[in-house]
Amino acid sequence: MMRVLLSILLLCSSAAAFTAAQTSKPVTIRAGKLIDGRGGVQGNVVVRVDGGKVTSVGKTSGPVTYDLSKYTLLPGFIDTHVHILWHFGPDGRYAAGREEPEVRLKAGAENARVTVEHGFTTVQSVGEAADLDLRKKLEAENLPGPRILTSVRQLNERTGTARGGGNALATPDQLRQAVREAKAAGADVIKIFASASIRDGGKQTMSDEQLQATCGEAKAAGLRTLVHAHSPESIKASVLAGCTQIEHGNFATEESLKLMADRGVYFDPNVGLVLQNYIENKAKFLGIGNYTEEGFAAMEKAVPVVIEMFKKALKTPNLKIVYGTDAVAGAHGRNIEEAVVRVKDGGQKPMDAIVSLTSRSAESLRMQDTIGAIATGLQADLVAVQGDPLADITALRKVVFVMKGGTPLRQDQR
Ligand SMILES: [Zn+2]
């Protein structure tokens, strides 16, 4: 009886929390330590939130709405590369889009919940049309989840060719058309495959001309372009075509890293979660598509390779490294592991990892005036963790409080 009563009380209090944001009474949060996402640190400060936004950050005394003086407060984390709908089915295997749309959306909502509860208040899903349905579902049903940006679809060397066209390659016009269609469908970004998967060797698959057409059209339409590219040739071709962000870059050389830096192209190396997650969950993927024994052997071989590549990336002056995990089935809610590996195995400074995770990623999304820092005028996306992530990056795993746009979504009693 007591337990039933308690759960009813808990349900009521979380429903109240959701409606509180709409009525938007000002709230105050005291942080023991505040890391602002832009490289700044302050001790014992109060953040004031009104109308979903931060209205001041300063040294005030007196009672507060949320006393987080035992914790470190950071801006909401950002993951620029996830696949929010990917999940394992009831048989424990990767579902690969074989199930009913409602089942898939329900799994996506669960992924969204664990993602935001672990501090990620914004994600970019790259992506499929159902991302839009998931975003609608979360809003309509008032479910907890991060802000979701989506590519709606993915473009490759055959996009737009007639179905059953065999090995026909897309013409530049077909790719331009596909970009316009993605924009019309509501894409926030264009996702492009310039190289094969790491399981298939990672060689360049789109021609220079195809990349120029795709990234050129996206630029004209005011859209960013995220390019899956492993080989140095595919990176070079994408950068020279004017694409705006490179994903993975497993075989990036010093020359290709420097080219990205020189052209101001964002780089999203995924070194700490995607490969490791595939290997941990091998039995759940094996035998589906290119998840073969050879594919897994290629991924195992890549784990140390990407760490060495990441170390080179860190040494490349002015290279804009953003945060992305390529979170697939099994990885949602564990997005922070990428930061832990970047710092512990890659040697990145904890503050640099945090800036990448917050303001640098916000900038890559062209949302630096909205999210990515704790500053007056920005959305009140706030995460509190136990411990000091500047001393021990694994503190970022210990999330005790999450607020998105002024709405509290997690409050642990510790
Ligand atoms: Zn991906």
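Details
- Share of pairwise Cα separations in the chain, more than 26 Å, in percent: 54
- Tensor-based shape of segment 320-414 (alpha-carbon gyration tensor, a/c under 1.5 rounded, otherwise prolate or oblate): rounded
- Of 191/344; 137/404; 25/404; 70/404, those spanning more than 22 Å from alpha-carbon to alpha-carbon: 191/344
- Packing-based exposure ordering (other Cβ within 10 Å, fewest first) of 310, 296: 296, 310
- ³J(HN,Hα), Karplus 6.51/-1.76/1.60, whole Hz, each residue of segment 332-349, x for Gly, Pro: 5, x, 10, 4, 6, 4, 4, 5, 4, 5, 4, 7, 6, 9, x, x, 5, 5
- Max mean-square fluctuation residue, GNM over the chain, Cα-Cα springs under 10 Å, options 346, 377, 166: 166
- Taking label positions 7 Å along the Cα-Cβ direction at both residue 286 and residue 220, the computed distance is 4.9 nm, reported to one decimal.
- Amide H within-cut-off set for residue 157, under 5 Å, with H built and near neighbours excluded: none
- Amide H contacts under 5 Å for residue 53: 380, restricted to partners 5 or more places along the chain or on a different chain, H placed in the peptide plane at 1.01 Å from N.
- For segment 373-390, 3J(HN,Hα) per residue [Karplus equation, 6.51 cos²θ - 1.76 cosθ + 1.60, θ = phi - 60°, Hz, x = Gly/Pro]: 7, 9, 8, 4, x, 8, 3, 7, 9, 10, 10, 10, 10, 8, x, 10, x, 6
- For segment 74-83, the Karplus equation 6.51 cos²θ - 1.76 cosθ + 1.60, evaluated at θ = phi - 60°, returns couplings of 10, x, x, 6, 10, 10, 8, 8, 9, 10 Hz by residue, with Gly and Pro reported as x.
- Neighbour counts of C-beta atoms inside 10 Å place 301, 404 in the sequence 301, 404, starting with the fewest.
- Eligible aspartates and glutamates near residue 219 by straight Cα distance, threshold 17 Å, same-chain separation 8 or greater: 173, 181, 188, 208, 209, 363
- Charge sum, other residues only, whose C-beta stays under 11 Å from residue 42's C-beta, Lys/Arg counted +1 and Asp/Glu -1: +1
- Computed from label points 7 Å out along Cα-Cβ, the spacing between residue 240 and residue 98 is 4.3 nm.
- Within the chain, antiparallel bridges make up roughly 50 percent of the DSSP beta bridges whose residues both belong there.
- Anchor residue 301: lysines whose Cα lies under 19 Å away (excluding residues fewer than 8 positions away in-chain): 203, 282, 311, 312
- Exposure proxy for 234, 197: other Cβ atoms within 10 Å of each Cβ, ordered fewest to most, give 197, 234.
- For the pair residue 392 and residue 200, label points projected 7 Å from Cα toward Cβ lie 4.4 nm apart.
- Of 29, 235, 371, the one that fluctuates the most in a GNM where the chain has Cα springs shorter than 10 Å: 29
- Net charge dipole, segment 97-138: roughly 100 debye, given to the nearest 20, about the Cα centre with Cβ charges of +1 for Lys and Arg and -1 for Asp and Glu.
- Bridges between two residues of segment 68-159, per DSSP, are antiparallel at a rate of about 10%.
- Fully extended contour minus Cα-Cα distance, from residue 368 to residue 69, at 0.36 nm per residue: 104.9 nm
- Averaging the sequence gap over all C-alpha pairs within less than 8 Å and six or more residues apart, then dividing by the number of residues, gives the chain a relative contact order of 20 percent.
- The chain: calculated mean residue ellipticity at 222 nm from DSSP helix runs of at least 4, using -39500 (n - 2.57): -10500 deg cm²/dmol
- Pairs over the 18 Å Cα-Cα cut-off, from the set 236/320; 320/349; 183/236; 236/258: 183/236.
- DSSP bridge pairs, segment 175-327: antiparallel proportion in percent, nearest 5: 5
- Crossing angle, helix 293-314 versus the chain [Cα axis fit, 0-90 degrees, rounded to tens]: 70
- In terms of packing, defined here as the mean over residues of other Cβ atoms within 10 angstrom, the peptides 148-155, 46-53 line up highest first as 148-155, 46-53.
- Acute angle (nearest 10 degrees) that the helix 254-263 long axis makes with the longest principal axis of the chain, alpha-carbon atoms: 70
- Under 5 Å, built H, 5+ apart or other chain: amide partners of residue 70: 32
No lab work stands behind these numbers, since they all come straight from the coordinates. Values in this document were obtained by computation on a predicted structure and should not be read as measured data. Cβ: placed from backbone, ideal geometry, glycine included. Neighbour counts: every protein chain shown.
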